[in-house]
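Engineer: Pasting a structure below so you can have a look.
The values are calculated or read from the model by the stated rules, or taken from the named source; none is laboratory data. Predicted model only: the values in this text are computed from it and were never measured. A quick note on method: Cβ atoms are made from the backbone with ideal geometry, for glycine too, and the neighbour counts reach across all protein chains shown. All accessible areas refer to the heavy atoms of the entire protein, side chains included, with ligands and DNA or RNA removed. Shrake-Rupley method; radii C 1.70, N 1.55, O 1.52, S 1.80 Å.
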Amino acid sequence: MKTFICQVCKHIAFDEAPVDCPVCGSAIENFEKDDDALKIPADYDNLTDTDKQHLPVVNLSRKCSITYGSKCTDVLIKVGELEHVMQSEHLIEFIDLYINKKYFSRLAFTSNNIRPAALLHLSADTGTLSAIAYCNNHGSWRTKIKLDA
Ligand SMILES: [Fe+2]
């Protein structure tokens, strides 16, 4: 898979580097091609504790809890199946979100008072949602889920 990383904010772009980073606005020159940008578990059937602490866990619900009823897709995301530490020297800094490889939002975290989890309310109800969690020690980890499955 062709992936490009913004050297300023660690955003990952698929297939080609964008003219400007959609997260931090950096120019295309700041993107580096790195086809190994995403960490891949060696065995999805036997995840290690490191895998379980970093792979986003994504669940969908058609029944919206706070916004526009059936027009909304609730997406519950947490990193990961095992809780990840949130200390300044080791934390989940952000989750970037994509539909069909097109970026649409970044959830940013600090080491203060928050866990790497969120509830999103999407207007989209088709396509493949990707969530990429970035750990400042262990890199970027992706989970994909079909919105219309
Ligand atoms: Fe980590």
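Engineer: Working only within the range 128-149, note down all residues that are open to solvent by less than 20 Å² (accessible area, probe 1.4 Å), at pLDDT 95 or above and out of contact with any His (no Cβ under 7 Å at 6 or more places or on another chain).
Structural biologist: Result: 129, 130, 131, 132, 139, 140.
Engineer: Inside the range 83-96, can you point out the residues that are in contact with a Ser or Thr (Cβ under 9 Å, 6 or more places away or on another chain), away from the ligand (no atom under 11 Å from the Cβ) and in contact (Cβ under 8 Å) with a residue 24 or more places away in the chain?
Structural biologist: Across the range 83-96, the qualifying residues are 95, 96.
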